[in-house]
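The values are calculated or read from the model by the stated rules, or taken from the named source; none is laboratory data. Since the model is a prediction, treat every value here as computed from it, not as a measurement. For neighbour counting, all protein chains shown are included, and Cβ atoms are generated from backbone atoms with ideal geometry for every residue, glycine included. Just the protein is used for accessible areas: all its heavy atoms, side chains included, with ligands, DNA and RNA removed. Shrake-Rupley method; radii C 1.70, N 1.55, O 1.52, S 1.80 Å.
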Amino acid sequence: MIIIAIIVGLLLGVFHVLLFAVIIKDIKSMILCTKEVDARVKTVQQELKEYEDSQTGKTKYEYSYTVHFVYEHDGQTYESFKNYSKKCRYFRGQETSIKINPHNPKEIWTKGELKGLLTVSLSIPIFVMIDCFYIMCVFYM
């Protein structure tokens with residue numbers, strides 16, 4: 001029983017470290033990307049992934065998008081790519097504003113990333129509840 005508790009605890013620990021790494025990376029980009037610039041969407045590549053729903057057995061489809069931004073900073077043209085797994089709000093030729101890191105202009109941040117960051121951040125209380133349940137099971141049983 002102790003071995004199972006240790007293994008589950010290690011798995012929870014690894015999962016938490018990965019979750020916090022994602023959150024910290026996104027917050028770092030949001031903080032460092034302070035300069036707003038005008039950008040143009042050069043291309044939007046759509047990728048379709050097909051998978052089978054484990055509950056219904058039906059074939060489902062999931063789209064992912066890679067958006068290619070072109071923008072200027074201090075007279076130099078830069079290109080950056082962003083990947084989105086949800087509905088893509090960008091289209092080819094669209095003019096939009098993005099935020100860049102003035103010290104590393106290839107690093108960009110878009111408004112669409114805020115929703116993902118909030119979603120991941122709001123899931124933290126759920127993980128805290130799981131941790132509390134784990135601690136109760138290990139130490140009080």
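On the beta carbon distance between residue 136 and residue 23, with R0 = 30 Å, the FRET formula returns roughly 0.70. Summarising the amide proton neighbourhood of residue 43: residues at separation of 5 or more, or on other chains, whose placed amide H is nearer than 5 Å comprise 68. Maximal additional length on extending the residue 121-residue 36 stretch stands at 28.2 nm, based on 0.36 nm per residue less the C-alpha distance. Checking the Cα-Cα distances for 49/111; 25/60; 28/86; 49/106; 60/87; 60/111 against a 19 Å cut-off, the pairs over it are 49/111; 25/60; 28/86; 49/106; 60/111. Name the most mobile residue of 38, 74, 53, meaning the one with the largest mean-square fluctuation, in a Gaussian network model of the chain with Cα contacts below 10 Å. Judging by the Gaussian network model, the answer is 53.
Roughly how large, in nm² to one decimal, is the mean projection of the convex hull of the alpha-carbon atoms in the stretch 69-134? Write out the running numbers ahead of the final one.
Working: hull surface 25.4 nm².
Computing the convex hull of the Cα atoms and averaging its projections yields 6.4 nm².
Between helix 112-122 and the chain there is an angle of about 10 degrees, using the helix long axis and the longest principal axis of the Cα atoms.
Solvent exposure of the chain amounts to 75 Å² per residue of accessible area, where only protein heavy atoms count and the probe is 1.4 Å. The convex hull built on the alpha-carbon positions of the chain has an orientation-averaged projected area of 11.8 nm².
Over the chain, Cα pairs under 8 Å with separation of 6+ residues give a relative contact order of 26 percent. Helix 124-140 and the long axis of the chain differ in direction by around 20°, with both axes built from C-alpha atoms. In this label model, residue 61 and residue 104 are separated by 3.7 nm, measuring between points 7 Å along each Cα→Cβ vector.
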